[in-house]
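Take this structure, written in structure tokens, and hold onto it; I'll ask about it next.
The values are calculated or read from the model by the stated rules, or taken from the named source; none is laboratory data. Predicted model only: the values in this text are computed from it and were never measured. All Cβ positions, glycine included, derive from the backbone under ideal geometry; neighbour counts span all protein chains shown.
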Amino acid sequence: MENKTNQPYSSPSSFEESSTDLYNDDIEIPTVDFSTLQTNKDDFIQKLGDSLVRFGFVILVNHGINVDLLEATEKKAKEFFESVPQQEKEKFLIPRQHTNKLVVGYVPRLIPNILQKFIIPLEGWKFHQNAFDFENPEFKESEFWPDTTYEACASVFREYYLSQKELATPLISCLLQYLKLDPQLFPKTSVNTLRFNYYFPLQPEEFLNNTCRMYPHADMGIINMMAAPSSSGLQVLNQEDMKWIRVNAPKNSLIFNIGRVLQRMTNDIFPAAIHRVIKPSPSQNAVRVTFPFNSNLKEDEILEVLPGLGEPKYQPLRVFEFFNELAKEAYGDNYASRK
Ligand SMILES: [Fe+2]
């Protein structure tokens, strides 16, 4: 393990896309071969951990998830957004008030976004893990799935969700081993979500104004993982020189990154890096679909720095209190009453 800890990033609002942005094209986010966890475990853990300490991101290849499943999920995700009538989508509207609870549901296009600063032509849909709990006798498909989508999309989305969940467990265990901690230390209880993002092609005027595909932000939760999108645009801020790195993840790879909860648990050793998605070039102005998996601690868990990682920089607090802090950071003190 490298003997350093990362500083928390400053406010993401200062990192909007600009012609004066600085890039470091000599650096690429490292790629690690997941299959070597079986054949050369120590080497895999070292490479995985080193990349995450330095960049907060890593790219995984040979992860064992079937290419057909990746392609089917992308295809069904497009179909999902394009086939469900707006009226039906709005029955699942995500709560508009900022809240310290884990919120799920439909995120409509052009929702007033962070600090009212960016225009984001994007629709989203966040599924709670319970949406995939088909075998539970209490499960009601109408609670989670718009009409017709249960039959059309749910089994593919579930298979993808389960593949991500299955992969997340050994990866989190490897991160703990990298830190020389008990691999079973956490998560004691986690809650997972699978979010789908449907990025519209930009309108001509949107190439000129403050539109972006995704504003600069650090992810929540413990870890995030998504299939490499078929179109580029993802950039990660390198905290060493504050220059942007263009992420060129190979087709069928997975992009894995650290969330704010894990940054805090690891006393800032693993950073939750600022990242964004910039506008496409006019020649690549097509629909873009992504489907990130997120693993988080449950809201009433205690969030504290893991033992053995030096003098804790942070006091223990409940996860929902931490979400409150993050919301205040993003939206100001009166976030809870903001419509
Ligand atoms: Fe993100």
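Pick from LEU309, LEU303: which is of a type in the set (A, V, I, L, M) and farther than 24 Å from ASN192 by Cβ?
Details: LEU303 fails: farther than 24 Å from ASN192 by Cβ.
After applying the criteria, what remains is LEU309.
Here is a further query. Keeping to the range 268-278, report how many residues are touching a Leu at 6+ places or on another chain (Cβ under 6 Å) and more than 16 Å from the ligand (Cβ to nearest atom).
Of the residues in the range 268-278, 0 are touching a Leu at 6+ places or on another chain (Cβ under 6 Å) and more than 16 Å from the ligand (Cβ to nearest atom).
Also, I was wondering about something else. Which residues, taken from the range 191-232, are of a type in the set (A, V, I, L, M, F, W, C) and either touching a Phe, Trp or Tyr at 6+ places or on another chain (Cβ under 7 Å) or farther than 26 Å from LYS165 by Cα (or both)? Step through it out loud before you land on a result.
Going through the range 191-232, the residues of a type in the set (A, V, I, L, M, F, W, C) turn out to be 191, 194, 196, 200, 202, 207-208, 212, 214, 218, 220, 222-223, 225-228.
LEU194, PHE196, PHE200, LEU202, PHE207, LEU208, CYS212, ALA218, ILE223, MET225, MET226, ALA227 - these are the residues of the range 191-232 that are of a type in the set (A, V, I, L, M, F, W, C) and either touching a Phe, Trp or Tyr at 6+ places or on another chain (Cβ under 7 Å) or farther than 26 Å from LYS165 by Cα (or both).
Listed here are the residues, each with its yes/no results for (1) under 30 Å from ASP300 (Cα atoms); (2) out of contact with any helix residue (DSSP H, G or I) (no Cβ under 6 Å at 6 or more places or on another chain).
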{"residue": "GLU141", "(1), (2)": "yes, no"}
{"residue": "CYS153", "(1), (2)": "no, no"}
{"residue": "VAL156", "(1), (2)": "no, no"}
{"residue": "GLN164", "(1), (2)": "yes, yes"}
{"residue": "PHE186", "(1), (2)": "yes, yes"}
{"residue": "LEU194", "(1), (2)": "yes, no"}
{"residue": "GLU205", "(1), (2)": "no, yes"}
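Same structure, new question: When you check ALA218 against the structure, is it over 23 Å from GLN284 (Cα atoms), modelled with pLDDT under 95, over 17 Å from the mean Cα position of the chain (by Cα) and of a type in the set (Gly, Ala, Ser), yes or no?
Values: over 23 Å from GLN284 (Cα atoms): yes; modelled with pLDDT under 95: yes; over 17 Å from the mean Cα position of the chain (by Cα): no; of a type in the set (Gly, Ala, Ser): yes.
No.
Residue check: is SER295 surrounded by fewer than 19 Cβ atoms within 10 Å (Cβ to Cβ) and within 30 Å of LYS75 (Cα to Cα)? Can you show your working first?
Numbers: surrounded by fewer than 19 Cβ atoms within 10 Å (Cβ to Cβ): no; within 30 Å of LYS75 (Cα to Cα): yes.
Here the answer is no, as SER295 does not meet what is asked.
Next question, about the same structure. Any residue at all in the range 290-305 that is closer than 22 Å to GLN235 by Cα and part of a loop (DSSP other than H, G, I, E, B)? Reasoning before the result, please.
First, the residues of the range 290-305 that are closer than 22 Å to GLN235 by Cα: 290-295.
Now restrict to residues that are part of a loop (DSSP other than H, G, I, E, B): 291-292.
Taking every residue of the range 290-305 in turn, at least one turns out to be closer than 22 Å to GLN235 by Cα and part of a loop (DSSP other than H, G, I, E, B).
Output yes when any residue across the range 146-156 is assigned to a loop (DSSP other than H, G, I, E, B), surrounded by 17 or more Cβ atoms within 10 Å (Cβ to Cβ) and touching a residue at least 24 places away in the same chain (Cβ under 8 Å), and no when none is.
So the first thing to find is which residues in the range 146-156 are assigned to a loop (DSSP other than H, G, I, E, B), and the list is 146-148.
Next, only the ones that are surrounded by 17 or more Cβ atoms within 10 Å (Cβ to Cβ) stay: 146.
Narrowing the set further to residues that are touching a residue at least 24 places away in the same chain (Cβ under 8 Å) leaves 146.
Checked the range 146-156: at least one residue is assigned to a loop (DSSP other than H, G, I, E, B), surrounded by 17 or more Cβ atoms within 10 Å (Cβ to Cβ) and touching a residue at least 24 places away in the same chain (Cβ under 8 Å).
Further question: Hey, can you tell me all the residues within the range 157-170 that are aliphatic (A, V, I, L, M) and without any contact (Cβ under 8 Å) to a residue 40 or more places away in the chain? Give the derivation first.
Looking only at the range 157-170, we keep the residues that are aliphatic (A, V, I, L, M), and these are 162, 167-168.
If the condition is that a residue be aliphatic (A, V, I, L, M) and without any contact (Cβ under 8 Å) to a residue 40 or more places away in the chain, then LEU162 is the only one that fits.
Test of understanding: among ARG264, ARG288, which residue is crowded, with 19+ Cβ neighbours inside 10 Å, of a type in the set (Lys, Arg) and more than 16 Å from the ligand (Cβ to nearest atom)? Lay out the reasoning, then the answer.
Values: ARG288 fails: more than 16 Å from the ligand (Cβ to nearest atom).
None of the other options fit; the residue is ARG264.
Return yes when ILE29 is over 17 Å from VAL236 (Cβ atoms), in contact (Cβ under 8 Å) with a residue 60 or more places away in the chain, surrounded by 13 or more Cβ atoms within 10 Å (Cβ to Cβ) and in contact with a helix residue (DSSP H, G or I) (Cβ under 8 Å, 6 or more places away or on another chain) and no when it is not. Explain how you work it out, then say what you get.
Values: over 17 Å from VAL236 (Cβ atoms): no; in contact (Cβ under 8 Å) with a residue 60 or more places away in the chain: yes; surrounded by 13 or more Cβ atoms within 10 Å (Cβ to Cβ): yes; in contact with a helix residue (DSSP H, G or I) (Cβ under 8 Å, 6 or more places away or on another chain): yes.
Taking the combined requirement at face value, the residue does not satisfy it.
Sort out which residues of the range 203-228 are more than 13 Å from the ligand (Cβ to nearest atom) and within 16 Å of THR290 (Cβ to Cβ), and write them in order of number. Please lay out each step first, then the result.
Quick first cut of the range 203-228, residues more than 13 Å from the ligand (Cβ to nearest atom) only: 203-211, 222, 227-228.
ALA227, ALA228, listed by residue number.
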